[in-house]
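Visitor: Before anything else, here's the structure in question.
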């Protein structure tokens, strides 16, 4: 009976020793990684952006799933609109449409604008209004995206010192 109790205690201590060893090895790995990548010295600890919200870069991502018969229409309408955007809107930093490899009716639209004002102006331009009118009613009504987002980013926030 006593030897069984000591066996359990030794087993328990060896499990703790293994967990402690794994913990220390993990910490050593994190410290090594931080020292190789610059770690905490490049970390921003406060909001250093002096910009107001409307002058920050606006980044947007939208998922949309269209009815199969409208895949070509979406791509053609987007490409025509993009040509106008890139030629006439200097505040546009990115305007891209990506089609899913696994589902040809699923698309991801990404946009980046120098300011909120640039995006607001974009929404009022003829080529944008035309594109929105052309693709009205083509979405798959059963699809509900959970990954759409809007970010406001301080200019220069992603530049290294």
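The values are calculated or read from the model by the stated rules, or taken from the named source; none is laboratory data. Every value quoted in this text rests on a predicted model; they were computed, and no experiment measured them. Backbone-built Cβ (ideal geometry, glycine too); neighbour counts: all protein chains shown.
Visitor: Return a yes/no flag: does the range 84-92 have any residue that is in contact with a strand residue (DSSP E or B) (Cβ under 7 Å, 6 or more places away or on another chain) and in a strand (DSSP E or B).
Guide: yes
Visitor: Let me ask something additional. Looking only at the range 65-110, how many residues end up being farther than 18 Å from residue 149 by Cβ, free of Cβ contacts under 8 Å to residues at least 24 places away in the same chain and surrounded by 14 or more Cβ atoms within 10 Å (Cβ to Cβ)?
Guide: 1
Visitor: Anything in the range 107-156 that is under 17 Å from the mean Cα position of the chain (by Cα) and under 26 Å from residue 71 (Cβ atoms)? List them, or say none.
Guide: Once the filter is applied, which keeps residues that are under 17 Å from the mean Cα position of the chain (by Cα) and under 26 Å from residue 71 (Cβ atoms), the range 107-156 yields 107, 108, 109, 110, 111, 112, 145, 146, 147, 148, 149, 150.
Visitor: Another question, if that's okay. Starting from the range 137-159, keep only residues that are under 14 Å from residue 105 (Cβ atoms) and assigned by TED's automatic domain parsing to the domain that holds residue 60, then list their pairs with residues that are in a loop (DSSP other than H, G, I, E, B) and at pLDDT 95 or above whose Cβ atoms are within a distance under 7 Å, requiring at least 6 positions of separation or different chains.
Guide: Going by the 7 Å Cβ cut-off, the qualifying pairs are 138/67; 140/67; 140/105.
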